[in-house]
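Here is the structure we will look at.
The values are calculated or read from the model by the stated rules, or taken from the named source; none is laboratory data. No experiment lies behind these values; they were computed from the predicted model shown. Virtual Cβ from ideal backbone geometry, glycine too; neighbours counted across all protein chains shown.
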Amino acid sequence: MTPKQGWSRRRFLGTAFLAPAMHRNSFTTPAPHKGPAGQPGLVIDNHGHVGALKPEDLLEGYNPQLDRTIFQVTNSKLGLSARELIDVMDAHGVDMTVLHTLRVWANKYQARVLREFPNRFISVCKLDEQKAYTSEEIDKLHRYAGDWGFRGLYYDPPPGSDGHDSLATSKYDPLWKAVDSLKITVSFVTYTGSPSIGYGSNFESLWPILLRLLEKFPDLPVVIVHGIPPQPCLQPDNSVKLPEKAVRLVKEHNVILGILAGHLNYGPKDEVLKSLYDNFGPGKLAWGSEFVKLGLSSPTEYSRRFHYLRNNCPYMSPEDLSLIHGGNIQRLYRLEPKAAGLQSPAPA
């Protein structure tokens, strides 16, 4: 494909999607093109970040001392601008990226990104989890999903907080009823300790809580951000032991595991990655780049992460890779192809 051909295809995709920012139900995708494995479907990076905040992007709640690290990832020091990330995406045939929002004050910025680059990003919003059951926060969720174009909720309170420990209790039912009615996806986050943002480990505590939640709300579509963290699963002899409740959660419910292949260490020979594939199959996994740092080597690093599964996991078929590189997320976020009409134009 020549540069001119590539640009023609991207320009088509940029106009062929209907922007979600006005009404959620109006968001549709074009007739699927061929993905990286030659299968119909979108190529989607399930774990991305963009930067280049402006002062007018910040909502109330930004704390320069508490949130300094997060702000650095979300501004030009460490983060890519949306335009820079799109350039990297285009170079690898990636149609869309799911943008994560780590702080409530970043919602406004990511809404601007959705307006400026419609149909290249899926974005998940953030609420104050300690108050997420209140009518005030639920009203915000309706605004974020209905007017601002967000297609999911990023839910990551630290373990030991009410938002974590009580999320499956009746107290939080109003939140999950709203999520269910809005038909949006929930991203829950696993941590094994993250000092930079002040979170401890929820590796053991999260699974039983989510099982209780999904027993009450079985239709909730869920992404486990970071997936099942590999290091606690890897035994001294490099065998793998997955948490029993995590296995139940993924097998019994509409749950997709994020995998950060090429970023996280899955063992000397990717033993944990192989175990995830063997236990759950390709229909339960979604690749994400976790790509933030901009530098001379950034395009090369993105390429290494994007091609990691193809280059290091020979047991994954082209059909498997098509699911993991986008098909599963396309399904989970309900990005249904249009019944008729749009076709990619012939190369210029």
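Going through the stretch 144-156 one residue at a time, which ones are under 21 Å from N46 (Cβ atoms) and assigned to a loop (DSSP other than H, G, I, E, B)? Explain how you work it out, then say what you get.
As a first pass, look at the stretch 144-156 and keep what is under 21 Å from N46 (Cβ atoms): 144-145, 148-156.
Once the filter is applied, which keeps residues that are under 21 Å from N46 (Cβ atoms) and assigned to a loop (DSSP other than H, G, I, E, B), the stretch 144-156 yields W148, G149, F150, R151, D156.
Quick check on the stretch 101-110: of everything there that is buried (at least 21 other Cβ atoms within 10 Å of the Cβ) and not aromatic (F, W, Y), which residue is nearest to N46 (Cα to Cα)? Spell out how you get there, then give the answer.
Kept after step one, since they are buried (at least 21 other Cβ atoms within 10 Å of the Cβ), are these residues of the stretch 101-110: 101, 105-107, 109-110.
Remaining after also requiring not aromatic (F, W, Y): 101, 106-107, 110.
On the way: T101: 13, A106: 18, N107: 18, Q110: 16 Å.
It comes out as T101.
For the stretch 121-142, check the following and say yes or no: at least one residue is assigned to a loop (DSSP other than H, G, I, E, B), of a type in the set (V, I, T) and surrounded by fewer than 18 Cβ atoms within 10 Å (Cβ to Cβ).
First, pick out the residues of the stretch 121-142 that are assigned to a loop (DSSP other than H, G, I, E, B): 126-128, 132-134.
Pick out the ones that are also of a type in the set (V, I, T) and you get 134.
Still in the list and also surrounded by fewer than 18 Cβ atoms within 10 Å (Cβ to Cβ): 134.
Yes - at least one qualifying residue is present in the stretch 121-142.
Does T29 satisfy the condition of being over 25 Å from E137 (Cβ atoms), in contact with a Leu (Cβ under 7 Å, 6 or more places away or on another chain) and modelled with pLDDT of 80 or more? Steps first, answer last, please.
Details: over 25 Å from E137 (Cβ atoms): yes; in contact with a Leu (Cβ under 7 Å, 6 or more places away or on another chain): yes; modelled with pLDDT of 80 or more: no.
Answer is no for this residue.
Tally up the residues in the stretch 77-116 that are without any contact (Cβ under 8 Å) to a residue 40 or more places away in the chain and out of contact with any Asp or Glu (no Cβ under 7 Å at 6 or more places or on another chain), please. Let's see the steps before the verdict.
Taking the stretch 77-116 and keeping what is without any contact (Cβ under 8 Å) to a residue 40 or more places away in the chain, we get 77, 81-83, 86-87, 116.
Next, only the ones that are out of contact with any Asp or Glu (no Cβ under 7 Å at 6 or more places or on another chain) stay: 77, 81, 83, 86-87, 116.
Count: 6.
Within the stretch 208-237, restricting attention to residues that are among the charged types (D, E, K, R) and part of a loop (DSSP other than H, G, I, E, B), which residue is modelled with the highest pLDDT? Please lay out each step first, then the result.
Keep residues of the stretch 208-237 that are among the charged types (D, E, K, R), which gives 212, 215-216, 219, 237.
Still in the list and also part of a loop (DSSP other than H, G, I, E, B): 219, 237.
Values: D219: 93, D237: 97.
By that ranking, first place goes to D237.
What's the total number of residues in the stretch 161-182 that are assigned to a loop (DSSP other than H, G, I, E, B) and either loosely packed, with under 15 Cβ neighbours inside 10 Å or hydrophobic (A, V, I, L, M, F, W, C) (or both)? Break it down stepwise before answering.
So the first thing to find is which residues in the stretch 161-182 are assigned to a loop (DSSP other than H, G, I, E, B), and the list is 161, 166-169.
Adding the requirement that they be either loosely packed, with under 15 Cβ neighbours inside 10 Å or hydrophobic (A, V, I, L, M, F, W, C) (or both) leaves 161, 167-169.
Matching residues across the stretch 161-182 total 4.
Of the residues L58, L127, L66, which single one is at pLDDT 85 or above, of a type in the set (A, V, I, L, M) and either within 19 Å of D147 (Cα to Cα) or over 18 Å from the mean Cα position of the chain (by Cα) (or both)? Let's see the steps before the verdict.
On the way: L58 fails: at pLDDT 85 or above; L66 fails: at pLDDT 85 or above.
On inspection, the qualifying residue turns out to be L127.
All but one of (1) surrounded by 24 or more Cβ atoms within 10 Å (Cβ to Cβ); (2) at pLDDT below 95; (3) in contact with a Gly (Cβ under 6 Å, 6 or more places away or on another chain) hold for T97; which doesn't?
Condition (2) is where T97 drops out.
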